[in-house]
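Q: Supplied in structure tokens, the structure appears directly below.
The values are calculated or read from the model by the stated rules, or taken from the named source; none is laboratory data. These numbers come from a predicted model, not from an experiment. FYI the Cβ positions are ideal-geometry reconstructions off the backbone, even for glycines, and counts take in every protein chain you see.
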Amino acid sequence: MWPARRTWRQNFARLNLWATLYGSWALGLFPFIYNSSTKKLRRSTWLIGYGIILHLGFVWVTLNYQTETETTALIEVFHRNPLAEQISYLQNLLLLATVFVMHFRNWWLSEELASTINTLTSLYQRHLNQLDFNDCLSFDNYIIYKGLSIWLEVASVFVMRYGLSPPISFKLFLGLVGIMAVQISMLLIGMHFHLAVLYIYRSVWIVNRELLTLANRLRMCNIRRSPRVQELHCLYRRLLGLSNRLGALYDCQMTLFMISLLSVNILSVFYMIVYCISLKKILTFALAINFTQALAINLMDFWLSIAVCDLAERQGRGTSAILKLFNDIPELEIDLDRSINDFALLCCHRRLRFNHCGLFYVHNAMGFRMIVACVLYLIYLVQFDYMNL
């Protein structure tokens, strides 16, 4: 039987996966080697050392040549408003701490990450590989969205740093290379967590679809027993455990990453307020377009990190809804009825949710509250420095 032909969406998603893999290897962010005999990932100390040396070089270049990349408008803002310059200094410290923590945890916890990935891969190959998942559109779409956001972020940095100061020099070129390399590394680590959540989501999606098929078969064919429900119950429990492990491995990185994105958006708007009101500069069309696209891309990247966790959480809630369909089937076997009840209790007491550092659960409602909080912080900042505006 011929395999189903891939659509353009699946091919594009596959291209993004390969680009993420080879890009992470090139930057030393994925310190694993695939062992074809055991079909498992193995941590490589050579790749870890290569990644540490490479990123120390990028950080050194960024710290030494960052001032060369500052635009004329930003320098004028700093001269007019000392608070803006002080906040910019604190933000750079936050970004530097974010880069350090993200890379340190990525390398320090690499052995546990390899074990988790190998467990998830073997679980999928053993229990879910025989099922068809080509119609899981959300899986492909969210890979494409995240891949596009990375490319747009890189293009945005280049436009904001170089597009507003066209004469390029060697120092400016080095500063751009350092900034873009550091930012790509952070975005790729965020992509790793994004893909981990998506693979958990797809596994739960397959379990839900098979549960729905079993419920329809039991109802239509008057079947009273099915050992597959118990197997899916055990599989779902293991998926919940893996999701908790992956969330714990990436919670600090993603928390700092989201804080960095939100802080950049707040300060960018504040800089524009100082530029237009304090300096009484006319906002040109080019500057407005550059500022708008940078703000929109940052919000898009932030919201994708929220939406993918909400997608997996909604799929977990869908499991409980599907299990309720078994209540309409009369005279089920005692073992099957007990398995369904245990499965339903598991879904009630252990939900598929992603918690960052024990501070908050990641879903759309929380993301909306974060954006509202950013607007309030911007208002507080303007009120605090009102006399200098």
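Q: Count, please, the residues in segment 280-304 that happen to be surrounded by 15 or more Cβ atoms within 10 Å (Cβ to Cβ) and out of contact with any Phe, Trp or Tyr (no Cβ under 7 Å at 6 or more places or on another chain).
A: So the count comes out to 13.
Rundown of residues vs (1) farther than 21 Å from G367 by Cβ; (2) surrounded by fewer than 20 Cβ atoms within 10 Å (Cβ to Cβ); (3) in contact (Cβ under 8 Å) with a residue 60 or more places away in the chain; (4) not hydroxyl-bearing (S, T, Y), yes/no style:
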| position | (1), (2), (3), (4) |
| --- | --- |
| G178 | yes, no, yes, yes |
| L211 | yes, no, yes, yes |
| A215 | yes, no, yes, yes |
| L218 | yes, no, yes, yes |
| V229 | yes, no, yes, yes |
| L240 | yes, yes, yes, yes |
| A248 | no, yes, no, yes |
| L262 | no, yes, yes, yes |
| F270 | yes, no, yes, yes |
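Q: Hey, could you check segment 305-343 for residues that are without any contact (Cβ under 8 Å) to a residue 60 or more places away in the chain and hydrophobic (A, V, I, L, M, F, W, C) and say which is surrounded by the fewest Cβ atoms within 10 Å (Cβ to Cβ)? Please lay out each step first, then the result.
A: Pass one, segment 305-343, residues without any contact (Cβ under 8 Å) to a residue 60 or more places away in the chain: 310, 313-314, 317, 320-321, 324, 327, 330, 334, 337-338, 341.
This time we only want the ones that are hydrophobic (A, V, I, L, M, F, W, C), so: 321, 334.
Details: A321: 11, I334: 9.
Per the stated criteria, the residue is I334.
Q: Picking from L352, L346, which residue would you name as being in a helix (DSSP H, G or I) and either surrounded by 17 or more Cβ atoms within 10 Å (Cβ to Cβ) or in contact (Cβ under 8 Å) with a residue 12 or more places away in the chain (or both)? Quick ask: steps written out before the conclusion?
A: Details: L352 fails: in a helix (DSSP H, G or I).
From the options L352, L346, the qualifying one is L346.
Q: Further question: Working only within segment 249-287, note down all residues that are under 20 Å from S156 (Cα atoms) and outside any helix (DSSP H, G or I).
A: L283, T284
Q: Right, here's the next one. Here is a check on your reading of the model: is H233 in contact (Cβ under 8 Å) with a residue 12 or more places away in the chain, of a type outside the set (F, W, Y) and farther than 18 Å from L323 by Cα? Show your work before the answer.
A: Details: in contact (Cβ under 8 Å) with a residue 12 or more places away in the chain: yes; of a type outside the set (F, W, Y): yes; farther than 18 Å from L323 by Cα: no.
Here the answer is no, as H233 does not meet what is asked.
Q: If I ask for residues that are in a loop (DSSP other than H, G, I, E, B) and under 26 Å from the mean Cα position of the chain (by Cα), which ones from segment 40-67 would you list? Don't jump to the end; show me each part of the working.
A: Step one: filter segment 40-67 for residues in a loop (DSSP other than H, G, I, E, B), giving 44, 66.
Scanning segment 40-67 gives a single hit, S44.
Q: Quick check on segment 16-24. Is at least one of its residues part of a helix (DSSP H, G or I), modelled with pLDDT under 80 and polar (S, T, N, Q)? Before you say what the answer is, go through the steps one by one.
A: Just the residues of segment 16-24 that are part of a helix (DSSP H, G or I), to begin with: 16-24.
After this cut, where a residue has to be modelled with pLDDT under 80 as well, the list is none.
Checking segment 16-24: not a single residue is part of a helix (DSSP H, G or I), modelled with pLDDT under 80 and polar (S, T, N, Q).
Q: If the requirement is being touching a Leu at 6+ places or on another chain (Cβ under 7 Å), modelled with pLDDT of 90 or more, in a helix (DSSP H, G or I) and not hydroxyl-bearing (S, T, Y), which of these qualifies: L246, L240?
A: On the way: L246 fails: touching a Leu at 6+ places or on another chain (Cβ under 7 Å).
Being touching a Leu at 6+ places or on another chain (Cβ under 7 Å), modelled with pLDDT of 90 or more, in a helix (DSSP H, G or I) and not hydroxyl-bearing (S, T, Y) holds for just one of L246, L240, which is L240.
Q: Of all the residues that make up segment 101-113, how many are surrounded by 18 or more Cβ atoms within 10 Å (Cβ to Cβ) and touching a Leu at 6+ places or on another chain (Cβ under 6 Å)?
A: The first filter runs over segment 101-113 and keeps only residues surrounded by 18 or more Cβ atoms within 10 Å (Cβ to Cβ), leaving 102-103, 105-107, 110, 113.
Applying the additional criterion that residues be touching a Leu at 6+ places or on another chain (Cβ under 6 Å) yields 113.
Result for segment 101-113: 1.
Q: Assess whether T98 counts as being modelled with pLDDT under 90, surrounded by 15 or more Cβ atoms within 10 Å (Cβ to Cβ), in a helix (DSSP H, G or I) and among the hydroxyl-bearing types (S, T, Y). Let's see the steps before the verdict.
A: Details: modelled with pLDDT under 90: yes; surrounded by 15 or more Cβ atoms within 10 Å (Cβ to Cβ): yes; in a helix (DSSP H, G or I): yes; among the hydroxyl-bearing types (S, T, Y): yes.
Yes, satisfied.
Q: Return the total of residues in segment 372-389 being of a type in the set (V, I, T) and in contact (Cβ under 8 Å) with a residue 60 or more places away in the chain.
A: We begin by selecting, within segment 372-389, every residue of a type in the set (V, I, T); these are 372, 375, 379, 382.
Filter once more, keeping what is in contact (Cβ under 8 Å) with a residue 60 or more places away in the chain: 382.
Within segment 372-389, residues that are of a type in the set (V, I, T) and in contact (Cβ under 8 Å) with a residue 60 or more places away in the chain number 1.
Q: Now for a different question. Report yes if A286 is small (G, A, S), within 27 Å of W151 (Cβ to Cβ) and more than 20 Å from the chain's Cα centre (by Cα), otherwise no. Even if it seems obvious, please write down each step before you answer.
A: Details: small (G, A, S): yes; within 27 Å of W151 (Cβ to Cβ): yes; more than 20 Å from the chain's Cα centre (by Cα): yes.
The answer is yes for A286.
So that you can scan it fast, the table gives a plain yes or no per residue for (1) at pLDDT below 90; (2) within 23 Å of the chain's Cα centre (by Cα):
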site: I117; (1), (2): no, yes
site: Y124; (1), (2): yes, yes
site: D135; (1), (2): yes, yes
site: S169; (1), (2): yes, no
site: L188; (1), (2): no, yes
site: H192; (1), (2): no, yes
site: A196; (1), (2): no, yes
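Q: May I pose another question? From the residues in segment 40-72 that are at pLDDT below 85 and crowded, with 18+ Cβ neighbours inside 10 Å, which one is nearest to I189 (Cα to Cα)?
A: As a first pass, look at segment 40-72 and keep what is at pLDDT below 85: 61-72.
Going one step further and asking which of them are crowded, with 18+ Cβ neighbours inside 10 Å, we end up with 61-62, 65, 69.
Values: V61: 21, T62: 19, Y65: 24, T69: 24 Å.
So, considering only residues that are at pLDDT below 85 and crowded, with 18+ Cβ neighbours inside 10 Å, the one nearest to I189 (Cα to Cα) is T62.
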